Amino acid sequence: MDGEKRPAPSSGLFADGHLVLWTLCSVLLPVFITFWCSLQRSRRQLHRRDIFRKSKHGWHYTDLFGHPTYCCVCAQHILQGAFCDCCGLRVDEGCLKKADKRFQCKEIMLKSDGRALDAMPHHWIRGNVPLCSLCAVCKQQCGSQPKLCDYRCIWCQKTVHDECMKNSLKNEKCDFGEFKNLIIPPSYLTSINQMRKDKKTDYAMLAYKLGKQWTPLIILANSRSGTNMGEGLLGEFRILLNPVQGQEKYIPQVAILPLGTGNDLSNTLGWGTSYAGEIPVAQVLRNVMEAEGIKLDRWKVQVTNKGYYNLRKPKEFTMNNYFSVGPDALMALNFHAHREKSPSLFSSRILNKAVYLFYGTKDCLVQECKDLNKKVELELDGERVELPNLEGIIVLNIGYWGGGCRLWEGMGDETYPLARHDDGLLEVVGVYGSFHCAQIQVKLANPFRIGQAHTVRLILKCSMMPMQVDGEPWAQGPCTVTITHKTHALMLYFSGEQTDDDVSSTSDQEDIKDTE
């Protein structure tokens, strides 16, 4: 036994030390690599943001381009990088600084360099032309080769092959193309700026030079509406129009592109119930040019809190669509409160409607707005109206409500005049609860029609009640709500599409006329 050899203690400790070392390396090395990559990514992001902030381009970064894309500097095929939503440039991240110095973005206003203001040449950008575009010279398809090729004018959207590009085209005057009557030329803004310096105000003369058909657009978007696609749509419109697109002197006519879940005004004006990118923005502009100008009543909603010692001024709202107190306002208030807390969760129309359905179902059980007729007094054109046992009152300016329901006309044999948005009259209806609202929306019930009026006055005598104006909800204590006519808005009505409700309503009216 004494002759047996035992392993040296030092060799065992050495083996254990190696094991500990390799274990630490296997754990710490991935952590270090992840930390280093995160640090480099943060540095790149800060560098990009610094370039974006100082640049005159409207740069945005994307992790994946939606179609084959080539860098305008190195001409290499790229999957991710930056793009300008004004002029349409596409660049790799490493070439971003070079592209920012080398290429000029859209000139929203011409510089005073002695050049004639009405002699603006084309502004050509090479590569990444829209698919299925045709050459202005040979009329053959452009952008079909798998490389950076061909040119596009960022104002008139004209495309030309590399081999078809001539010096005459480079110096040719740009006519702003198909949408010239919607675009504010840079020369116009230059002339406006010069007039202000000279303290002149002859804006009508400038507009006259651009022709009677010139009706420039102003594009506004709610970036949080619907599926949060408003910012992307603004970029597409900047490519086709002048990025600043605005005018001071004339009241613009307004068209609507529906992005949210309700879109009742859009439906009333013929623009449909929803938009999810299925129609190119170029077609949207064509529809705008074909649309008819109409008037829309606008109403002042004044909310005066109850009490002799209330020193706050009355709250005032401008109403275009509808005002309501009751279950639909409660659903809008609950939806609004939860969207404010977690806006990223409300990025789908289906999910948004599911949330509305949840709150509607909950109110059917709880009935938070019951006995409304005991809490309010209603006056139409100064005359007191006796109310049945209602939970909600809705004051309408337009034909549609609740995401596509024609609330005033209703259904069945009983006929009512069509609600108009330009007659200076409001339609007032009542609902018996959330379940009644759901029945109305699926055409299983009619609302309680209270009447029409030029002025509506509602007195909330006690308790807190949910109220909303055009989808903007709040909780309101005892008060007096007065709705009076304010002015008209100039809107654009598109008659190219009709909903089923429009067709049925039109046919019903024709049947009525035939019987008369």
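Pull out a ≥ b ≥ c, the square roots of the eigenvalues of the alpha-carbon gyration tensor of region 21-129, then state rounded if a/c is under 1.5, prolate if not and a/b is larger than b/c, and oblate in the remaining case. Before the final figure, lay out each step's value.
Numbers: a/c = 4.36, a/b = 2.59, b/c = 1.68.
Prolate is the answer for region 21-129, as a/c is 1.5 or above and a/b outweighs b/c.
Listed values for region 436-449 are Karplus-derived 3J(HN,Hα) couplings in whole Hz (6.51 cos²θ - 1.76 cosθ + 1.60, θ = phi - 60°), namely 5, 4, 5, 5, 5, 5, 9, 6, 9, 7, 10, x, 7, 7, and x replaces Gly and Pro. As a calculated quantity, the FRET efficiency between M205 and K56 at R0 = 35 Å, using C-beta atoms, amounts to about 0.70.
With +1 on each Lys and Arg Cβ and -1 on each Asp and Glu Cβ, how big is the dipole of region 187-292 about its Cα centre, in debye rounded to the nearest 20?
Numbers: 10 positive and 9 negative charges, 124 e Å.
So the magnitude is around 600 debye.
For S133, nonlocal amide neighbours, meaning residues 5 or more places apart or on other chains whose placed amide H falls under 5 Å from its own, are C142. Summary of packing: across the peptides 456-467, 428-439, 93-104, 379-390, the per-residue average of other C-beta atoms within 10 Å ranks them, highest first, as 428-439, 456-467, 93-104, 379-390. Taking amide H as placed 1.01 Å from N in the peptide plane, the amide H of R449 sits under 5 Å from that of G430, each at least 5 places away or on another chain. Treating each Cα of region 187-292 as one equal point scatterer and applying the Debye formula with no solvent, the log10 of I(q)/I(0) at q = 0.10, 0.13, 0.24 Å⁻¹ comes out as -0.36, -0.58, -1.42. Model label points for D198 and R384, set 7 angstrom from Cα along the Cα-to-Cβ axis, are 6.6 nm apart. Label-to-label distance for Q439 and K306 is 3.0 nm, based on points extended 7 Å past Cα in the beta-carbon direction. Computed from backbone phi with θ = phi - 60° and the Karplus coefficients 6.51, -1.76 and 1.60, the 3J(HN,Hα) list for region 452-458 is 10, 7, 8, 9, 10, 10, 10 Hz; x is used for glycine and proline.
Could you sort out which of K313/K375; K101/K180; K97/K139; K212/K315; K180/K486 sit more than 32 Å apart by Cα distance in this structure? Pairs exceeding 32 Å: K97/K139; K212/K315; K180/K486. What fraction, in whole percent, of alpha-carbon pairs in region 433-481 exceed 17 Å separation? Counting pairs separated by more than 17 Å, the tail of P(r) holds 59 percent. Note on exposure: E107, E391, E178 ranked by accessible area (1.4 Å probe, complete protein assembly) read E178, E107, E391, with the most exposed listed first. Between E163 and L29, residue separation times 0.36 nm minus the direct Cα-Cα distance comes to 42.8 nm.
Under a 5 Å amide H cut-off, with hydrogens placed 1.01 Å from N, D175 pairs with nothing among residues at least 5 apart or on other chains. Rounded if a/c is under 1.5, else prolate if a/b is larger than b/c, else oblate: which is region 77-231, with a ≥ b ≥ c the root eigenvalues of its Cα gyration tensor? It comes out prolate by the Cα gyration axes. Computed from phi, the 3J(HN,Hα) profile of region 160-167 under the Karplus parametrisation 6.51, -1.76, 1.60 (θ = phi - 60°) reads 9, 5, 4, 6, 8, 6, 10, 4 Hz, with x in place of Gly and Pro.
Structural descriptor for region 118-226: relative contact order 22 percent, calculated from alpha carbon pairs under 8 angstrom and at least 6 residues apart.
The values are calculated or read from the model by the stated rules, or taken from the named source; none is laboratory data. What you see is a predicted model, and the numbers here were worked out from it, not measured in a lab. Note that each Cβ is placed from the backbone with ideal geometry, even for glycine, and that neighbours are counted across all protein chains shown. Note: areas computed on protein heavy atoms with side chains; ligands, DNA, RNA excluded. Shrake-Rupley method; radii C 1.70, N 1.55, O 1.52, S 1.80 Å.
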